[in-house]
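Here's the structure, in structure tokens; my notes come after.
The values are calculated or read from the model by the stated rules, or taken from the named source; none is laboratory data. Just so you know, these numbers come straight off a predicted model, no measurement behind them. Here the Cβ positions follow ideal geometry from the backbone for every residue, glycine too, while neighbour counts run over all protein chains shown.
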Amino acid sequence: MRLEHGGDVLAGERARANSAAADLAGLLAGYSSGALLALHAAAAGLAVRRLALFEPPLADDTAAQRAFTAGLRARTG
């Protein structure tokens with residue numbers, strides 16, 4: 001990186017870093033049971049613009065899914 005008088009180059013680098021951070025704002029990612037937690041958080045109204053869910057343990061057993069959700073509610077209020 002070339003340093004110039006007045007910090008113009010550094011200001012540009014800061015602006016790019018801020019832009020990259022803003023792109024990640026609202027991104028929620030989770031793996032396995034963390035993917036289910038991320039999904040539930042988004043469904044509960046957390047300000048999420050994008051979800052990345054990796055290998056969520058989804059089952060065809062709706063009773064198990066309801067039990068998981070009930071357990072989350074019991075732990076989080």
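Which one is surrounded by the fewest Cβ atoms within 10 Å (Cβ to Cβ), of the residues in segment 31-52 that are modelled with pLDDT under 90 and part of a strand (DSSP E or B)?
ARG50
Considering every residue within segment 12-30, establish whether at least one is surrounded by 11 or more Cβ atoms within 10 Å (Cβ to Cβ), of a type outside the set (A, V, I, L, M) and modelled with pLDDT of 85 or more.
yes
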